[in-house]
Amino acid sequence: MTPAPLNITKPALWWRNHDSPAKLVINQGGTSSGKTWNIMDLLLHIAVKTPNAVITVCGQDVPNLKSGVYRDARRILAETPYLAPCFTENKTDRLLLCPNGAVVEFKSYKDEQDAKSGKRDYLFVNEANGIPYTIFWQLYIRTKCKAFIDYNPTARFWAHDLIGTPGVELLISDHRHNHYLTAEQHARIEGISDPELWRVYARGLTGKIRELVYSGWRLCEAVPGTPRRWVGLDFGFTNDPTAAVLVALQGGELWMDLLLYDKGLTNPEIAARLREAGVDTLDIIADSAEPKSIAELRSAGLKVEPAQKGADSIRAGIQALQRYRLNVTRRSTPLIKELQSYKWRVDASGNTLNTPTDIFNHALDAARYVALNRLIAHREAKGAVRSNAKPYIPDDLAWRNTENFNPLKQQLRNDIRRGRHDEHQGGRHPSR
């Protein structure tokens with residue numbers, strides 16, 4: 001059992017993690033269920049009550065740690081007056097240090113060998129579906145007391161194979177367990193209209209999201225240094241994040257890197273963050289629905305222009321992006337999550353509609369604005385886009401290895417390769 005904490009009032013999920021006798025506690029949950037916050041809060045209390053404890057918090061990479069669980073830890077300390085004096089912070093090494101000798105370290109590991117270094121008393125693997133099993137296993141077998149993992153269950157992965165085994169407890173949570181959300185936030189999550197997305201994000205149940213808008217994308221380490229680089233910007237504030245995506249075109253492929261994905265940012269803060277990212281000299285294509293924000297960013301010295309929206313611009317921008325193989329940097333976790341969740345609408349009869357869901361699309365909307373202004377408008381002006389332009393088609397092996405393989409769809413793909421795609425659904429992407 002976890003050491004007894006101070007005499008405090010905490011949410012039920014906090015206590016469920018605290019009281020669990022299991023060596024490994026799996027926190028599977030929907031969006032905004034509070035699982036990450038509660039685990040991190042619990043670990044900070046454990047550090048205060050356990051002299052010389054070593055607590056490792058593992059994330060996919062350093063940028064995701066900084067924008068995710070490390071930021072949560074700092075906010076917990078700032079908002080908990082009795083905890084804050086118990087820690088000093090080493091920002092360089094991302095350490096939280098207690099006078100009793102306990103340390104909370106925030107780390108990422110590049111491979112299995114890297115994960116073999118060091119032992120710990122407690123382990124927290126955040127967003128575990130982005131961490132290879134080999135890395136988790138090396139960390140887990142070097143953990144003395146207890147381990148926690150959390151994730152959104154968009155699809156099965158290695159954690160599901162551990163559920164039901166000795167020493168493992170599964171806790172499922174959703175937004176209804178988070179009493180700190182506003183009524184509007186609860187309503188937005190509960191109101192997700194797509195059944196598959198609702199199952200995953202509103203109830204925290206394992207799903208397999210089908211009819212995704214984008215397929216065949218790959219992970220990469222960095223965006224190449226091509227001169228054909230632009231930034232897409234989608235504004236948010238209270239309920240939605242502001243998202244900025246660097247989009248580069250090289251070798252007939254698109255490369256994307258998420259620069260910004262945060263709520264509550266003012267326009268001066270957006271300008272400062274883009275300068276910090278080193279993209280303030282690039283053309284920035286922003287959501288045209290925010291002319292005042294565009295004007296303020298221009299006044300701040302940024303080269304911002306409105307996206308050229310119009311009739312059917314959502315589908316046009318999507319089709320423009322689908323013409324290219326997409327490469328997404330490994331650190332762009334929110335963008336990757338959107339790619340794994342952004343799907344076409346389905347009617348009551350199960351038929352796929354020609355309209356995407358209006359959810360999990362903030363970073364993808366930013367990329368779409370670049371497509372509207374640079375991949376469509378500029379190329380059309382040069383006569384480079386033809387009416388029979390073919391969409392990007394993943395290789396046959398990747399297609400055949402999916403659960404959705406269908407001989408009819410394969411025939412459509414073969415026809416597309418032979419130039420006969422106009423006969424089928426107006427040249428729509430075969431995965432639809």
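For the cross-link pairs K91/K116; K263/K337; K66/K116; K144/K208; K292/K337, which exceed 27 Å when the distance is taken from alpha carbon to alpha carbon?
Too far apart for the 27 Å limit: K144/K208; K292/K337.
How many angstrom separate the Cα center of the stretch 144-205 from the Cα center of the stretch 24-88?
Each part's Cα centre sits 18 Å from the other's.
Starting from the Kirkwood radius over alpha-carbon pairs of the chain, derive D by Stokes-Einstein at 25 °C in a medium of 0.890 mPa s and give it in µm² s⁻¹.
105 µm²/s
To make sure I understand, if each residue's beta carbon is the centre and we count other beta carbons within 10 Å, what order do W158, W217 fall in, fewest to most?
W158, W217
For D283, list long-range residues whose amide hydrogen, built 1.01 Å from N in the peptide plane, is under 5 Å from its own amide hydrogen.
V231
Nearest 10 degrees is fine. How inclined is helix 407-417 to the longest principal axis of the chain, computing both from alpha carbons?
For 407-417 against the chain, the angle is about 60 degrees.
How big is the antiparallel share of DSSP beta bridges in the chain, given as a percent to the nearest 5?
Here the antiparallel bridges make up roughly 40 percent for the chain.
Using the count of nearby Cβ atoms within 10 Å as a rough guide to exposure, how do D240, D150 rank from fewest to most?
Exposure proxy ranking, most exposed first: D240, D150.
Nearest 5 percent is fine: what portion of the DSSP beta bridges confined to the stretch 37-176 is antiparallel?
Among the beta bridges of the stretch 37-176, antiparallel pairing accounts for roughly 30 percent.
Among E112, E169, E79, which one shows the highest mean-square fluctuation when the chain is modelled as a Gaussian network with alpha-carbon springs under 10 Å?
E79
Computed over the Cα atoms of the stretch 56-149, what is the convex hull's projected area averaged over all directions, in nm²?
Mean projected area for the stretch 56-149: 6.0 nm², to one decimal.
With θ set to phi - 60° and the Karplus curve 6.51 cos²θ - 1.76 cosθ + 1.60, what are the ³J(HN,Hα) couplings of the stretch 328-345 in order, to the nearest whole Hz, using x for Gly and Pro?
Result, rounded to whole Hz: 10, 5, 4, 7, 7, 4, x, 5, 4, 4, 5, 4, 7, 10, 6, 9, 6, 5.
What three numbers, in Å, describe the spread of the alpha carbons of the stretch 269-380 along their principal axes, ordered from the longest?
Cα extents, longest axis first: 51, 32, 26 Å.
Over all Cα pairs of the stretch 8-69, how is the pair count split among 10 Å bins, expressed in % and running from 0 up to the last occupied bin?
Over the stretch 8-69, the share of Cα pairs per 10 Å bin runs 18, 51, 30, 2 percent.
What is the fewest-to-most order of T154, T56, T88 by other Cβ atoms lying within 10 Å of their Cβ?
T88, T154, T56
Read-outs throughout are calculated quantities, based only on the coordinates presented, and are distinct from any laboratory measurement. Just so we're clear, the structure is a prediction, and the values are computed from it rather than from any experiment. All Cβ positions, glycine included, derive from the backbone under ideal geometry; neighbour counts span all protein chains shown.
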